[in-house]
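Q: My questions will all concern the structure given below.
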Amino acid sequence: GQGAAAYLDQEAVIAIARQTGATAVHPGYGFLSENAGFAARCAAAGLTFVGPSSEVLGLFGDKISARRLAESIEVPVVPGTSRPTTLDEARAFANRYGAVMLKAIAGGGGRGMRAVRSPDEIDEAFERCGSEARQAFGNGDLYVEKLLPAARHIEVQIVGDGTGGVCHLWERDCTVQRRHQKLIEIAPGPMLEAGLRDRLLEVAVKLARHVRYAGLGTFEFLVRGDEFWFMEANPRLQVEHTITEEITGVDLVQTQIRIALGARLTDVGLVSPPPVEGFAIQARVNL
């Protein structure tokens, strides 16, 4: 009864939780699911936030801090800048590498991103990308990465229990995209060489274990040939979680809730990755 955006009103959500006697808040996979401030408000109100800690949300919600974390533990990252980048710096980077990708530090969902295939286009793209990021996220800061053509986009699903226990649930291929928004997801990733897959999964687990990750998360990589680079992490349940459920038989939402209420990986039967059965595909319609 409070309008279409009532679910974004943090105080209203917490007030309703108190009125109904709820003990936990599940933020879904939308706007509040990666909001570190909301997670902290829930904790202050005595409510369990079903997701990572506010500290981990803050770390991965800022793509620059996520890059720095990966670099600090020797995880390969796409060549790029590791701080809010000025137009002059972006122009110099484009002159060095040619084709680049501008990205909003606080971005997501394909917004605040723009491919720049010639240094001549950098000025206009920088202004548009920053403006879009300010409107969408309230933060117009950008960074720049080398554009890697013909790379596959592979994301690894992990689950952690907050004590350092982490298990992967294999990967999804989300290479087929339009305007940087995913259209087709396939689990597991087809035609991934076994050794490369093992290294990808190992790195994703390493990243999650380093921050004592709690709950579900997805670590995203670009893959080309036998090389891969970390891009970013989504510290939440994702829309495409259902195809991972199909190939593993694991109810991810139930697992997420049980961990938020104190269960360990041993309690939810995920001491080791579950066997994979078949393939599952999700197709989306993006307007």
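The values are calculated or read from the model by the stated rules, or taken from the named source; none is laboratory data. No experiment lies behind these values; they were computed from the predicted model shown. Every residue, glycine among them, receives a Cβ derived from its backbone with ideal geometry; neighbour counts consider all protein chains shown. Heavy atoms of the whole protein, side chains included, go into the accessibility calculation; ligands, DNA and RNA do not. Shrake-Rupley method; radii C 1.70, N 1.55, O 1.52, S 1.80 Å.
Q: Can you pull out the residues in the range 16-35 that are open to solvent by 40 Å² or more (accessible area, probe 1.4 Å), of a type outside the set (S, T, Y) and not in a loop (DSSP other than H, G, I, E, B)?
A: Hits for the range 16-35 are I16, R18, Q19.
Q: Looking at the range 234-256, which of its residues are open to solvent by less than 20 Å² (accessible area, probe 1.4 Å) and either part of a loop (DSSP other than H, G, I, E, B) or at pLDDT below 95 (or both)?
A: If the condition is that a residue be open to solvent by less than 20 Å² (accessible area, probe 1.4 Å) and either part of a loop (DSSP other than H, G, I, E, B) or at pLDDT below 95 (or both), then N234, P235, L237, Q238, E240 are the ones that fit.
Q: Do we have E145 as acidic (D, E) and crowded, with 16+ Cβ neighbours inside 10 Å here?
A: Considered against the rule, which asks whether it is acidic (D, E) and crowded, with 16+ Cβ neighbours inside 10 Å, E145 comes out as yes.
Q: List every residue pair whose Cβ atoms sit under 9 Å apart, with the two residues 6 or more apart in sequence or on different chains, where the first one lies in the range 255-272 and is farther than 22 Å from V25 by Cβ and the second, anywhere, is among the charged types (D, E, K, R).
A: L265/D161; T266/D161; L270/D161
Q: Here is a follow-up. In the set E155, E171, which member is part of a strand (DSSP E or B), among the charged types (D, E, K, R), under 27 Å from A214 (Cα atoms) and in contact (Cβ under 8 Å) with a residue 60 or more places away in the chain?
A: One residue alone meets the criteria, E155.
Q: Residues of the range 105-121 being open to solvent by 20 Å² or more (accessible area, probe 1.4 Å) and either at positive phi or of a type outside the set (A, V, I, L, M, F, W, C) (or both), which ones?
A: Once the filter is applied, which keeps residues that are open to solvent by 20 Å² or more (accessible area, probe 1.4 Å) and either at positive phi or of a type outside the set (A, V, I, L, M, F, W, C) (or both), the range 105-121 yields G108, G109, R111, R114, R117, S118, P119, D120, E121.
Q: Of E124, E71, which residue is open to solvent by 50 Å² or more (accessible area, probe 1.4 Å), under 18 Å from the mean Cα position of the chain (by Cα) and among the charged types (D, E, K, R)?
A: Within the list E124, E71, the selection yields E71.
Q: While we're on this one: Restricting the search to the range 191-208, which residues are more than 27 Å from A39 (Cα to Cα) and assigned to a helix (DSSP H, G or I)?
A: A194, G195, L196, R197, D198, R199, L200, L201, E202
Q: In the range 211-220, is there at least one residue being among the basic types (K, R) and surrounded by fewer than 17 Cβ atoms within 10 Å (Cβ to Cβ)?
A: no
Q: Check whether at least one residue in the range 209-227 is at pLDDT below 95, assigned to a strand (DSSP E or B) and among the hydrophobic types (A, V, I, L, M, F, W, C), and report yes or no.
A: No, because not a single residue in the range 209-227 is at pLDDT below 95, assigned to a strand (DSSP E or B) and among the hydrophobic types (A, V, I, L, M, F, W, C).
Q: Do we have L196 as in contact (Cβ under 8 Å) with a residue 12 or more places away in the chain, open to solvent by 30 Å² or more (accessible area, probe 1.4 Å) and out of contact with any His (no Cβ under 9 Å at 6 or more places or on another chain) here?
A: no
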